[in-house]
Amino acid sequence: MTLNALVAICLSYVVFLFAVAFVAERWAMRGRVRWLRSPIVYTLSLSIYCTAWTFYGAVGAAARSGLEYLAIYLGPSLVMIGWWWAVRKLVRIGRSQRITSIADLISSRYGKSNLLAIGVTVLAVVGTTPYIALQLQSVTLSFEVFGRDAPGAGAGEPQRLTAFWVAVGLALFTGLFGTRNLDANERHHGVVMAIAVEAVVKLAALLSVGIFVVWGLSGGVAETLARIDASALGSWQADGGRWAGITFLSAAAFLCLPRIFQVLVVEAGDDAHLRTASWAFPAYLMLMSLFVVPIAVVGLDLMPAGANPDLFVLTVPLSQGQEGLAVLSFLGGFSSATSMVIVAAIALSTMVSNHIVMPIWLRVTGDGASVSGDVRHVVLTARRVSIGCVVMLGYLYYSVSGGGGALAEIGLVSFAGVAQVLPAMLGGIFWRGATRVGAVAGLSTGFAIWLWTLFLPSIGAGGVISPEILAEGPWGLGWLRPQALFGIAGMDPLLHAILWSMSLNALAFFTGSVASFPTPLERLQGAQFVNVFQHSAGPRSWTGGVAQTEDLMVMAQRILGAEDALALFAREARRQGVRGDLPDPSPDFLETLERELAGSVGAATAHAMVGQIVGGASVSVEDLMAVADESAQLLEYSARLEAQSAELSRTAAQLRDANRKLTRLSVQKDAFLSQISHELRTPMTSIRAFSEILRDGGTIGDGDQTRFASIIHDEAVRLTRLLDDLLDLSVLENGQVSLNLREGTLGALLDRAVAAASAGEGGATLRIRRDHAAEDVRLVTDLDRLTQVFINLVSNAGKYCDAQRPELHIRVGRAEGRLIVDFLDNGSGIAPEARDTIFEKFSRVADQKAGGAGLGLAICRQIMARLGGDIRYLPGRSGAAFRVELPHEVALAAQ
Amino acid sequence: MGKELLLIEDEPNIIEAVSFLLSRDGWTVRTHSNGADAVEKVLKLRPDVVILDVMLPGRSGYDILRDLRARSETANLPVMILTARGQNRDRELAERTGVTAFMTKPFANGEMLEAVRALAPVT
């Protein structure tokens, strides 16, 4: 076969693909989407996971490192079977948020951050470029296999030329079918259909070669198995770490690869298709991997040593003279390569144009142009240019790297790069606490480590990283050695890179998220992403102004409260002269409404909410309502908090007050105890001194002996009285006293009091004046307690009245219905400065020595309080004057 | 005759007890029961030893002691504080004020005699 014939076959195949894509587009335009969007097409489109790397490289990998290649199929299968629900969530979010790419997903989740979008885009471009190069390389290699026979075909320059024209062809095809429309969902029916066809071609090709190898060359299954057992592959030992690492990596890459994301999420029609894909796609992968080992083993047997195992799929049939099969196989590889490049170019160009070219263009041309009609044209151009750039970048990488290196290793480096998006992506859809800061931190950490430990070394020693740095670390810092970070050497470089980049990425993401606070937009997006199944059943569109106003109304009611919102809308309706309560959503009104809402939820949120409803953007009403509810709850909560904090400060004030009182009480208690101590020690001193004198004997006069004994007795009595008073006061103060209510007359009580007092000190000389007629008042009270008060007052007069002829006047009267008993003597009275304290404990009036401990008046005051009355000093009289007041109900019948 | 002692105390029974004890021990005991003019009394009598109550009518024993210490003629006069307040605080206050001896009420007669004897200046 000549090279020209092969080129002709290729061109016909491409024309066939064009036709398929074209027809599919036509069908889509006529609305016959159902067939185009069948689960089978969806599943087949996922097969772009199987690129030329899989098609050619799997056999090569199997020939080099045994069953390790299976891990590359295992990862995506596990994701589709076990993580089905996570993929479903991604698809649902993608649809409800109208996500156009993985960069858009990350950026949108973290508050529409442009920085993140650019970061992910760069990461995707850098991660995908080697991959595109890989496809070009495989196509070139496969051409070379056929061209080897052709006369005049050399190495080097023609190869590069082939690669170049393949790249140009792919860029053209992608540019045509990948940018035909700017559908909001970024769906490309034609491309997807073409990819599905290519999926069938590559599967058929690989299966055909496999069948030929097993039944045509080996002579059946049993013989093939025997051959495998006999080969080096049979005794292959699995490296557990690398196996697990590659499985994880391929699973992560399946979720993060831009092209997979494109078909898995962006092009997804119905998430019910996932149910089919969850078993059909793993089955497809299984079929793809079925004959890899037999082809590898037979290839190793048949082909001369040194033959590139990556090309066994082609060279084995060729060596057996099966040109037709070889061409089919070539087309399979060609399909794998082209479908990957096409979808990757679409995905990357979407990101590049949306997140890098358009923002720059808008900034350069000024804001005014952003709403004009030619934006569409600009976007299309940007996208086409981006496609060209992406494909050419792949070509550049291919020509710079010289087409060396095993296919599988280049693929894995690429996988590890895009897998860095995984923590931010999964965190974003499952964890509301994930923040932009965390995502940036995680992505940049992971990306940097990946660059340093895997990407740069992969370009080859002496490329960017010199062998010295590889061996010694930069600036001789051993712990920074690219393949032995932190001194952990001896690991497989790939595993080493995955381990460090992914774990530090996840750690930085988590730490950054926990340590930072999300913006309102992030919170909104976070809620919508994480709770995508609760909120939106799907995107909704807005029709007409009235519907908008109603929705605005409902939202305003949730935030402002029903009445305020109604009043606001009615006022506006009146102003506009519109009938009913629903005004037109004029710019003026929207501004007013936004200001009103801003008062409750803050300006940014209000703006976002109104903008979302009026603009009819991707946020559904349910989502907004959820946020509104959340805000209302927050407001209520903050009101509660405010109330609580007011209550707290009140409580704190009360506590401070109580503490002051306690401190005062404690000081008073100390003073009181000190007083008691003094009052007890004084009589004790006499008692002890005299009793020791009497006990020790010695010279004591007879009269002295008796006198000493009587002093001891008197002091003992004084002590007893003091203790009685103290106990009495304590009982009264604690409120433990129970009143013994009886009926009696005031006169009788005073009689008892005077009689008791006159027996005491000074009582004999005191003359008492009374008004017996006025004293004929019947009382119901604790008669003994009241008498105790009277005795105290009468005996005080006896003790302290310093008049020549002491006299006490007991006067009975009434004031405002209360019974009043005054005790007025003719002495010099109590000094004004002492009047305030005479009712305090131990407040003996200075310079006046009497038997009491100074508790009498304190006890009187306590008693009167218990009886519901009062006792106080009457100022403005020459002598001492005390007034006892009894409440109205105590005096039963005044006569 | 024996040395002279001035007892400044307002509680009659305690005056009687201390007077009896010290007189029998050979002291000439004089008494005074008001705080206000206690310093003048000391200056007038010039006793060899003073026993001073704290809670006196008119003036506190510590004030009197401070006053005595401030005067050259009584700066070194042996003074015993005799108080019903026997807490450490009171003892410290007395020592800062320059007391010679400190005794709390109630006291053991023997201790009182010993303490007062110790206060007597050697002749």
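The values are calculated or read from the model by the stated rules, or taken from the named source; none is laboratory data. These numbers come from a predicted model, not from an experiment. Neighbour counts run over all protein chains shown; Cβ positions are idealised from the backbone, glycine included. The accessibility values were calculated without ligands, DNA or RNA, using every heavy atom of the protein model including side chains. Shrake-Rupley method; radii C 1.70, N 1.55, O 1.52, S 1.80 Å.
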Original post:
If you take the beta carbon distance between residue A:204 and residue A:380 as r and set R0 to 41 Å, what does 1/(1 + (r/R0)^6) give as a FRET efficiency, to the nearest 0.05?
Top reply: 0.70
**OP:** Using R₀ = 22 Å, calculate the FRET efficiency as 1/(1 + (r/R₀)^6) where r is the Cβ-Cβ separation of residue B:75 and residue B:40; round to 0.05.
**Re:** 0.85
Original post:
If the cut-off is a Cα-Cα distance under 18 Å, which lysines reach residue B:44, setting aside same-chain residues fewer than 8 apart in sequence?
Top reply: B:3
Subject >> Prolate/oblate/rounded call for region B:4-119, Cα gyration tensor, a/c under 1.5 rounded >> reply: rounded
Subject >> Under 12 Å, Cβ to Cβ, from residue A:297 - net charge with Lys/Arg +1 and Asp/Glu -1 >> reply: -2
Original post:
What does the accessible area of residue A:799 come to, in Å² to the nearest 10, when a probe of 1.4 Å is used?
Top reply: 70
Original post:
Using the Cα gyration tensor of region A:731-850, with a ≥ b ≥ c the square roots of its eigenvalues, what is the shape: rounded (a/c below 1.5), prolate (a/b larger than b/c) or oblate (neither)?
Top reply: oblate
Original post:
Among the lysines, which have Cα under 23 Å from the Cα of residue A:112 when same-chain residues fewer than 8 positions away are ignored?
Top reply: A:89
Subject >> Unit charges on C-beta of K, R, D, E only; dipole of region A:657-728, Debye >> reply: 400
**OP:** Label region A:657-728 by shape, choosing from rounded, prolate and oblate, from the square roots a ≥ b ≥ c of the eigenvalues of the Cα gyration tensor; if a/c is under 1.5 it is rounded, and otherwise prolate applies when a/b is larger than b/c, oblate when it is not.
**Re:** prolate
Original post:
Stretched out fully, how many nm does the piece from residue A:638 to residue A:392 gain, at 0.36 nm a residue minus the Cα gap?
Top reply: 82.9 nm
Original post:
Among A:726, A:249, what's the order by accessible area (1.4 angstrom probe), most exposed first?
Top reply: A:726, A:249
Original post:
Counting only other chains, what is the mean number of Cβ atoms within 10 angstrom of the Cβ of each residue in peptide B:13-26?
Top reply: 4
